[in-house]
Each structure stands twice: as C-alpha cells, then as structure tokens.
1. Just give me the residues in the range 1-47 being among the aliphatic types (A, V, I, L, M), more than 18 Å from D82 (Cβ to Cβ) and either surrounded by 11 or more Cβ atoms within 10 Å (Cβ to Cβ) or in contact with a Phe, Trp or Tyr (Cβ under 8 Å, 6 or more places away or on another chain) (or both), in sequence order.
2. Considering every residue within the range 46-61, establish whether at least one is in contact with a Cys (Cβ under 6 Å, 6 or more places away or on another chain) and not hydrophobic (A, V, I, L, M, F, W, C).
3. Does S70 meet the test of being outside any helix (DSSP H, G or I), of a type in the set (G, A, S), surrounded by fewer than 17 Cβ atoms within 10 Å (Cβ to Cβ) and at pLDDT below 95?
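The values are calculated or read from the model by the stated rules, or taken from the named source; none is laboratory data. All values derive from a computational prediction rather than experimental measurement. Backbone-built Cβ (ideal geometry, glycine too); neighbour counts: all protein chains shown.
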Amino acid sequence: MPGSTSDDLGRRRFLLHRDKAVEQAIEKVRHSPDALWETLSPEERAGLKIALAEIWENCDRSQWNEFCFSTLKRSAILELADLVRDARNQHKSVCTAKDRIESILLLDPSGSRRH
C-alpha cells in the first residue's frame with residue numbers, strides 16, 4: 001500500500017523532530033547550575049527524557065519554544081517527571097496536567113511568569 005510508506009515516513013520524521021527537540025532541551029537542563037544534573041540518578045534522567053517527549057508531543061510547537069529549560073531547578077525536573085509518570089500510570093494524557101506543566105516551564109527562577 002503506497003499510503004503506508006508515506007505514513008511511516010511521516011511518523012519517522014515526527015519522531016526525529018521530537019527526539020532532536022528533547023535532546024536540545026536536556027542539554028539546556030544539563031548545563032543549568034540549578035538543575036544539579038550530576039545529582040540526578042539515571043532513572044530520574046530517563047524520567048525527564050520521557051516527560052519532555054510527552055510534553056513535546058502534546059504542546060504547541062510555538063509554546064515549546066517559549067519554555068526555558070536552562071533555568072529549571074532540580075525540584076522542577078523531578079516534579080515534571082512525576083506529573084507525566086502519574087498521568088501515564090493512570091492511562092491519561094499528559095494534557096490533564098497541562099496547566100501545572102506550563103506553570104513549571106513558564107516560570108523563571110525568581111518565580112515570576114515569563115513573557
């Protein structure tokens with residue numbers, strides 16, 4: 001079926017874009033002094049990666065570009081991973097935690113809203 005090849009290509013392209021965006025976000029987090037990256041366990045790092053992938057898949061791309069991953073604190077990283085894990089464990093979309101996720105990702109380190 002010719003359509004399935006096109007669908008497969010589209011899905012692979014989607015995953016490549018997602019993975020690239022997630023890796024760029026992780027690099028920003030990793031270089032943030034407040035993230036305390038070196039204190040995160042491998043499981044916590046994997047949880048963050050899963051969380052960021054879910055968030056990317058469920059948010060507007062323009063909004064993703066507004067998120068400032070370079071100012072995330074360790075506690076925010078763990079909270080993001082917990083929010084997404086809880087949503088997945090309850091077989092719910094990450095959208096159920098959208099407001100909380102946005103409030104974490106759109107706050108600067110001083111606690112005030114960006115933009």
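1. Across the range 1-47, the qualifying residues are L15, A21.
2. There is at least one residue in the range 46-61 that is in contact with a Cys (Cβ under 6 Å, 6 or more places away or on another chain) and not hydrophobic (A, V, I, L, M, F, W, C).
3. No, not satisfied.
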